[in-house]
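Some notes on the structure that comes next.
Nothing in this text is a laboratory measurement; each read-out follows from the coordinates by a stated rule. These figures come from a predicted structure and were not determined experimentally. Counting neighbours? That spans all protein chains shown, and the Cβs are built from the backbone with ideal geometry, glycine included.
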2 protein chains.
Amino acid sequence: MAPSSSPGTPAASAIRRHPQPPDLPEPLPEPAVSELRLEAVLAALSDPLRLHIVRALLLDSDAFDHSCSWFALDRPKSSLTHHFRALREAGVTRQRQYGLERRSQVRIDDLEARFPGLLALVADWTPTEE
Amino acid sequence: MAPSSSPGTPAASAIRRHPQPPDLPEPLPEPAVSELRLEAVLAALSDPLRLHIVRALLLDSDAFDHSCSWFALDRPKSSLTHHFRALREAGVTRQRQYGLERRSQVRIDDLEARFPGLLALVADWTPTEE
């Protein structure tokens, strides 16, 4: 039985938030809050690697946003670029360009406003044993 | 701004439940509650037609389960068969064979137990204007 994941349970309250640093680069193109579509967000989250990325950002982030190297994922860079872009284009994450690298954060407030409880389900997700 | 969809709000409380009739056919093969996978459920729900089907069952059902003709969907029968099977195989719906027709219901209790709040998001979903 998976742990409960309604708002207020441990998984949801374990979601980390970091204060916004000054002088950030502008976000890359993304849908506005009003443009977020449930079907697009669910499609972005229906991939185990992308669930892993979002869950890691929610529970383990130690900075405002993180580059793809932070996740230590054993995948080709082109594949990772695709997955990080898919998350941004669906509105799950916000990406900013810092020189040569892009860093991602989860749009926690935007997703909670539109799809309350969804991120708690992601935080509670456990990968299958391979 | 979409309406709020946390448990207890109107959309969630509008989910209809119908008592189980006696002498039902056995369910077709489906994952057990413990086998439900978030990524598979989200993938099944990431399609607008499937979201429409699940939302209609949640909010408009007037019987325990419904055959695909009840939805009055303007799609080829082979396409509908595919979508209803995808929902069952992901564990979103339960299907039973009544003679020549299959009827579907949403596994409300199983999904609420494993992914609380997810069905409220589906109930609150609004299709894009085409």
query: What is the residue of chain B with the smallest Cβ distance to the axis taking B onto A, and what is that distance in whole Å?
result: B:Gly117, 2
field: Neighbour-count ranking [beta-carbon atoms within 10 angstrom, fewest first] of A:Asp74, A:Asp110
entry: A:Asp74, A:Asp110
- request: Report, for B:Pro127, each distance to the same residue's label point in the other copies, shortest first and in nm; define the point 7 Å along Cα→Cβ.
  value: 3.8
- request: Sort largest first and round to whole Å: the equivalent ellipsoid semi-axes of chain A, each the square root of five times a Cα gyration tensor eigenvalue.
  value: 22, 17, 15
A:Leu24-B:Thr81 pseudo-label distance in nm [points 7 Å out on the Cα-to-Cβ vector]: 5.0
message: With +1 on the Cβ of every Lys and Arg and -1 on the Cβ of every Asp and Glu, and nothing else charged, how large is the dipole of chain B about its Cα centre, in debye rounded to the nearest 20?
response: 160
query: Under the definition of partner shielding as Cβ atoms of other protein chains within 10 Å of a residue Cβ, what is the mean value for peptide A:28-40?
result: 3
field: At R0 = 30 Å, FRET efficiency that the Cβ-Cβ distance of A:Leu100 and B:Thr126 yields, to 0.05
entry: 0.15
- request: Within a 10 angstrom radius of each residue's Cβ in A:46-54, how many Cβ atoms of other chains show up on average? Whole number is fine.
  value: 3
Calculated FRET efficiency for the pair B:Glu89/A:Glu89, C-beta based, R₀ 30 Å, to 0.05: 0.65
query: Fewest to most neighbouring Cβ within 10 Å: what's the order for B:Ser79, B:Ser61?
result: B:Ser79, B:Ser61
